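Worksheet for the structure shown next.
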Amino acid sequence: MHIIPFGKRLIIKTLEEDKKVGNLVLPDSAERESKCQGEVIDSNVDKIKKCDIVLYGEFSGDDIKIEDKEFKILKQDDVLAILKKE
């Protein structure tokens, strides 16, 4: 099943704690912060593309579960930053 966001929204998959972002390795002390990062699965936002890593507020968006997989639907305004690999 494919999820297609409407409006200025994006679908993300929350990253696990031990996930690397480019050359960055998140320390154990960043556990709380790592829950606020996700990989974009699909996007209707111009500057945010599939596979981008985004930062968002801890209580932002709506949690959904489809076929035993958990996703989050965010509005464009919920995205705080995009982490770019160099």
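For this structure, a couple of remarks:
- Which numbered condition GLY38 misses (of (1) in a strand (DSSP E or B); (2) touching an Asp or Glu at 6+ places or on another chain (Cβ under 8 Å); (3) without any contact (Cβ under 8 Å) to a residue 40 or more places away in the chain; (4) surrounded by 14 or more Cβ atoms within 10 Å (Cβ to Cβ)): (2)
- Pair list, Cβ under 7 Å, 6 or more apart: the stretch 74-86 residue assigned to a strand (DSSP E or B), other residue among the basic types (Lys, Arg): LEU74/ARG9; LYS75/LYS8; LYS75/ARG9
- Scan of the stretch 45-73 for residues that are outside any strand (DSSP E or B) and among the β-branched types (Val, Ile, Thr), ordered by number: VAL45, ILE48
- Which listed residue, of VAL40, VAL21, VAL79, VAL45, is more than 10 Å from the chain's Cα centre (by Cα) and at pLDDT 90 or above: VAL45
The values are calculated or read from the model by the stated rules, or taken from the named source; none is laboratory data. Just so it is clear, the structure is predicted and the values come from calculations on it, not from any experiment. A quick note on method: Cβ atoms are made from the backbone with ideal geometry, for glycine too, and the neighbour counts reach across all protein chains shown.
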